[in-house]
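Data block below; observations after.
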2 protein chains.
Amino acid sequence: MSGTPNEFALISKFFGPLATHPAALGLGDDAAVLTPRAGHDLIVTTDSLTAGIHFLPDDPPNLIAAKGLRVNLSDLAAKGAEPLGYLLALALPRHCDSAWLECFARGLSADQKTFGVSLLGGDTTATPGPVTLTITALGQLPSGTMIRRNGARPGDGVYVSGTIGDAGAGLAVLKDGLIAGADADHLIGRYRLPCPQLALGNALRGIASAALDVSDGLLADLGHIAEMSRVRIILESGAIPRSPATTRVWPGLEGILRAATAGDDYEIAFTAASEASAVAAGVKAGVRVTRIGRVETGQGVVLLDADGRELRVEKPGFTHF
Amino acid sequence: MSGTPNEFALISKFFGPLATHPAALGLGDDAAVLTPRAGHDLIVTTDSLTAGIHFLPDDPPNLIAAKGLRVNLSDLAAKGAEPLGYLLALALPRHCDSAWLECFARGLSADQKTFGVSLLGGDTTATPGPVTLTITALGQLPSGTMIRRNGARPGDGVYVSGTIGDAGAGLAVLKDGLIAGADADHLIGRYRLPCPQLALGNALRGIASAALDVSDGLLADLGHIAEMSRVRIILESGAIPRSPATTRVWPGLEGILRAATAGDDYEIAFTAASEASAVAAGVKAGVRVTRIGRVETGQGVVLLDADGRELRVEKPGFTHF
């Protein structure tokens, strides 16, 4: 990692122990050197999180760090890649204290063990703005097997892992305190700490025709598959899997619409020609996989109600601008 | 690159044309897939720039973009790597206009042609803070030939490319208008648009025992080599190469101290056992290389005056915290 004397002290104290992979060169070299396994491609992806936009400024620092790492691992998961490591660019306000940083590093350390990755390098800078972390994750997979967004074909089924809307409902609970108790804790946990579906992504190589992780909202994200694959995606609103807690916070058809347009779930949405293979991949990964629609010729994403009528959606997902 | 509908429009309009490498998958897939040449290692590095810290908020956007790219290419240069491409995470204030973005993308486009690299992917987000760009650059070099920071040995000479202090003097001119005319333009240009020493880095593989790029200040940066290599570095203040313009802005011994502790030059400082080889590498790359000191046993960096007396340095370089 780069930095000047004081930063170096911070870096070596809190981040040095995270550089567990030889490729990181102990963070002393401001660059990582690595080579994918023979017959493998390297997959690289980057995502930023900013306080006040992607997390709440008073969220626990260990969870902010873990979320930053996990949203990037989730991108790798959706491609079918096995994660190798990550670089961290951290912009910190000058008043940021050592206890905050220590807790932040602890969050990374715990997740490194969970997901088998290492810090490979990075950059620590001061900012007059909010805390911003940019993580670049690197992974590998057998050459030519990356699951792209442009492979959906008419006749494919559309599937999603887990349940949809939990993170958005969790954010709503955090902001408005709509419910309390175990359901609230579950939803807030889903918002703060997404779980990258790495095992499912791995199992979907050769099975999914297109995939991505649900970050901006199910409808918006499937819109990317529809656009890149030049197909039309038809979703049945009643089939979208929701947790009991989310249904409690957001009931009825309006609730389904909210769940389908809320972001941050980091489930994998994918298309596949074979329903049996899609379900088998879920079983192999120990993850619930639900069929929620089909691919047709045409363009765009359409959400149908129980009577097969097209529902009007004002805003399919989160937009920054 | 990732993003939601409006971001996608921005991305495809301004950044889509920058994804010239097949590995970028046209930015449609939120990840890049690449493989280093056989027998080569992949080198990865990341650096952030924040408005008000690393550049002035009203700097021309094309130059901000180019600087962001070049400081990362400079890291690759110091390792001896050939650049392949980069990922861009861009945090933008909501009021950022389309003309600003267009100019920013134009700066990247011009530099992509200059340095033979491609945008490979990225992330565009909104921030309530200042513009922040984080670039992750990827390069390659023959396996095992990366120039590290820990290889300096007692008896080696210490060298630096180009002239030192120009960027710092340029920033001083921008802030205080100390001088005007061609000299001022030259220095401001050096601050705004560093030139990564890629040809020299390439020529130094197998010759330099340790190297890095001068970003935080010559003394501070050589301090990293001293620390990582566990050696003492002795510099002769009179040998530090300065441009006539910098000498005009910062005259005398005080000026040398300022030049040696100012950052942003992005020259390569390195150690080498053979002076003839060090000079030859400079000739091969068409870059001036100056011997500025020697490596001894011990620790730290020492700056000597013309009489061989140790100069006291209050602050060897830029610190963020």
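Residues whose amide H comes within less than 5 Å of that of residue B:85, counting only those at least five positions distant or on another chain, are B:118, B:138 (H built at 1.01 Å from N in the peptide plane).
Only lysine pairs 8 or more places apart or on separate chains count here, and in the protein assembly as shown those with Cα atoms under 21 Å apart total 12. Over all other residues within a Cβ to Cβ distance under 12 Å of residue B:201, the charged ones net out to -1, with Lys and Arg as +1 and Asp and Glu as -1. Within the listed set B:241, B:17, B:61, the residue fluctuating most in the Gaussian network model of chain B (springs between alpha-carbon atoms under 10 angstrom) is B:17.
Under a Cβ-only charge scheme (Lys and Arg +1, Asp and Glu -1), can you give me the dipole magnitude of segment A:70-138 about the Cα centre, in debye to the nearest 20? Write out the running numbers ahead of the final one.
Working: 5 positive and 6 negative charges, 13 e Å.
Charge dipole, segment A:70-138, about its Cα centre: 60 debye, nearest 20.
Each part reduced to its alpha carbon centroid, segment A:164-179 and segment B:163-230 end up 50 Å apart.
Could you compute the net charge surrounding residue B:42? Neighbours are other residues with a C-beta less than 12 Å from the C-beta of residue B:42; K and R count +1, D and E count -1. So the environment of residue B:42 carries a net charge of -1.
If you line up the long axis of helix A:166-176 against the longest principal axis of chain A, both from Cα atoms, how many degrees apart are they, to the nearest 10? Approximately 70 degrees, to the nearest ten. For the protein assembly as shown, the fraction of C-alpha pairs farther apart than 51 angstrom is 13 percent. One equal scatterer on each Cα of segment A:164-307, no solvent, Debye formula: the resulting log10 I(q)/I(0) at q = 0.10, 0.11, 0.20 Å⁻¹ is -0.33, -0.41, -1.25.
Computed over segment B:25-181, relative contact order equals 35 percent, with contacts defined as Cα pairs under 8 Å that lie 6+ residues apart.
For chain A, the longest principal axis of the Cα atoms and the long axis of helix A:275-285 meet at an angle of about 30 degrees. Given their separation in residues at 0.36 nm each and the Cα-Cα distance between them, residue A:176 and residue A:102 gain 23.6 nm when the chain is fully extended. In chain B, the DSSP-assigned H stretches of four residues or longer account for a calculated mean residue ellipticity at 222 nm of -10500 deg cm²/dmol, using -39500 (n - 2.57) per stretch and the full residue count as denominator.
Computed from the C-alpha gyration tensor, the three semi-axes of the ellipsoid equivalent to segment A:119-244 are 28, 24, 14 Å, from longest to shortest. Here's how it looks for residue A:288: its modeled amide H is under 5 Å from those of A:162, which are all 5 or more places away or on a different chain. Centroid-to-centroid, using Cα positions, segment B:58-77 and segment A:279-307 are 43 Å apart. Summing +1 for each Lys or Arg and -1 for each Asp or Glu among the other residues whose beta-carbon sits under 14 angstrom from that of residue A:248 gives -2.
Measuring spread by the Cα atoms of chain A yields a radius of gyration and Dmax of 20.1, 66 Å. Positive-end ranking of B:303, B:293, B:276 along the dipole of segment B:227-321, with charges on Cβ about the Cα centre, is headed by B:276.
Using the Cα centre of the protein assembly as shown as the reference point, and only Cβ charges (+1 on K/R, -1 on D/E), how large is the resulting charge dipole? Debye, rounded to the nearest 20. Spell out each step's value before the answer.
Values: 54 positive and 66 negative charges, 207 e Å.
The calculated dipole for the protein assembly as shown is roughly 1000 debye.
With a simple spin-label model that places each label point 7 Å from the Cα along the Cα-to-Cβ direction, the separation between residue B:276 and residue A:185 comes to 7.5 nm. Less than 5 angstrom separates the built amide H of residue A:124 from those of A:2, A:90, all sequence-distant by 5 or more or on a different chain.
What is the magnitude of the charge dipole of segment B:83-235 about its Cα centre, with +1 placed on the Cβ of each Lys and Arg, -1 on the Cβ of each Asp and Glu, and no other charges, expressed in debye to the nearest 20?
460 debye
Remark on segment A:5-120: hydrodynamic radius 15.0 angstrom, per the Kirkwood mean of 1/r across alpha carbon pairs. Label-to-label distance for residue A:9 and residue A:312 is 6.2 nm, based on points extended 7 Å past Cα in the beta-carbon direction.
Every number here is computed from the coordinates shown, using simple stated rules; none is lab data. Please read all numbers here as calculations on a predicted model, not as lab measurements. Virtual Cβ from ideal backbone geometry, glycine too; neighbours counted across all protein chains shown.
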